[in-house]
1. Go through segment 1-37 and give me each residue that's under 24 Å from residue 179 (Cα atoms) and among the aliphatic types (A, V, I, L, M).
2. Filter segment 97-107 down to residues that are surrounded by 15 or more Cβ atoms within 10 Å (Cβ to Cβ) and part of a loop (DSSP other than H, G, I, E, B) and give me whichever is farthest from the chain's Cα centre (by Cα).
3. Of 35, 100, 47, which residue is hydrophobic (A, V, I, L, M, F, W, C), without any contact (Cβ under 8 Å) to a residue 60 or more places away in the chain and under 23 Å from residue 113 (Cβ atoms)?
4. Given the criterion within 16 Å of the chain's Cα centre (by Cα) and surrounded by 22 or more Cβ atoms within 10 Å (Cβ to Cβ), identify the matching residue among 110, 124.
5. From the list 145, 173, 199, 135, pick out the single residue that is modelled with pLDDT of 95 or more, open to solvent by less than 30 Å² (accessible area, probe 1.4 Å) and either on the phi < 0 side of the Ramachandran plot or of a type in the set (S, T, N, Q) (or both).
6. What are the residue pairs meeting all of these: first residue in segment 140-154, first residue under 19 Å from residue 236 (Cβ atoms), second residue surrounded by fewer than 24 Cβ atoms within 10 Å (Cβ to Cβ) and at pLDDT below 95, Cβ atoms under 6 Å, and 6 or more apart or on different chains?
7. Select from segment 148-167 the residues that are of a type in the set (Gly, Ala, Ser) and either surrounded by 24 or more Cβ atoms within 10 Å (Cβ to Cβ) or assigned to a strand (DSSP E or B) (or both) and list them in ascending order.
8. Please tell me if residue 239 is farther than 19 Å from residue 9 by Cβ and open to solvent by 20 Å² or more (accessible area, probe 1.4 Å).
Amino acid sequence: MGFAVPDDTVLVADGGLATELEARGADLADPLWSARLLLDGPEEVAAVHAAFFAAGAQIATTASYQASFDGLAARGVDQPDAVALLRRSVELARAAGGGARGRWVAASIGPYGAARADGSEYVGRYGLSVAELAAWHRPRLEVLAGAGADVLALETVPDIDEAEALVGLVREAQVPAWLSYTIDGTATRAGQPLTDAFAVAAGVPQIVAVGVNCCAPEDVLPAIEIARRVTGKPAIAYPNSGERWGAGGWVGPARFSPELVPRWVAAGARIVGGCCRVRPADIAAITALLREKT
């Protein structure tokens, strides 16, 4: 596993995997969410990875976000088969890249709250200690660290305790990772200042980028400015469309625009993309805009 964020260029990540799966007719009303298709629709996952690569994405994020040993066990999947499914998530993304140079795979490690499938990743504060969170994350992180991905995506992290647990595991494993919080304004979802949150990654060489995802587009710029000031590391930004989940569906206007991306880049973002409701056409527009600017 090897991955370095370039100083002099910008890498484009993919968009919302689950969003695109649903747009193609997949039913994700399941506690495993998009990870369900690792079981019974891997070809659909591969097709979405390929669509984002075709749109210009250089990084594919695996369908392992909500795949946990607990969640898979609840579906009758034993540990050896669960390990095989986690590895499959990386294999699918890698194969979709077609062996082309300049394409990377980020193994998604979602927060503890994602595995609970109750939205608690947008609240944090699970009542677990840092040590308990590390013990829960360790088995999956170790499998994905050895599965052939280029980098681990520690993403949608809602509070500092979970970040400390994950960063500690990455330091132990000696593998590259990015750390990406889900935020509300200039605080984590748990209400902690981002200055404190990003400090968790300062001085940790295994953390190659820090930033935000699964947040409102307008919250990105202040957050990555803080991330850069606190850590000095390259920033990463992949927000949602700006719509909000409520009443069983997405509500409100989409506020994501490729025109925001140059400002993020000027503030130090070196990996940019999208999360929920950001589709291949949006990634294609980001790619075209960045090419035009450079």
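1. 1, 4, 5, 10, 11, 12, 13, 17, 18, 32, 35 - these are the residues of segment 1-37 that are under 24 Å from residue 179 (Cα atoms) and among the aliphatic types (A, V, I, L, M).
2. Going through the qualifying residues, I end up with 97.
3. 35
4. Numbers: 124 fails: within 16 Å of the chain's Cα centre (by Cα).
So the residue among 110, 124 that is within 16 Å of the chain's Cα centre (by Cα) and surrounded by 22 or more Cβ atoms within 10 Å (Cβ to Cβ) is 110.
5. After ruling out the rest, the residue left standing is 145.
6. 150/3; 151/3
7. 149, 153, 163, 165
8. no
The values are calculated or read from the model by the stated rules, or taken from the named source; none is laboratory data. All figures in this text were calculated on a predicted structure; none of them were measured in a lab. Every residue, glycine as well, gets a Cβ built from its backbone with ideal geometry; the counts of neighbours run over all protein chains shown. Please note that ligands, DNA and RNA were not included when accessible areas were found on the heavy atoms of the full protein model with its side chains. Shrake-Rupley method; radii C 1.70, N 1.55, O 1.52, S 1.80 Å.
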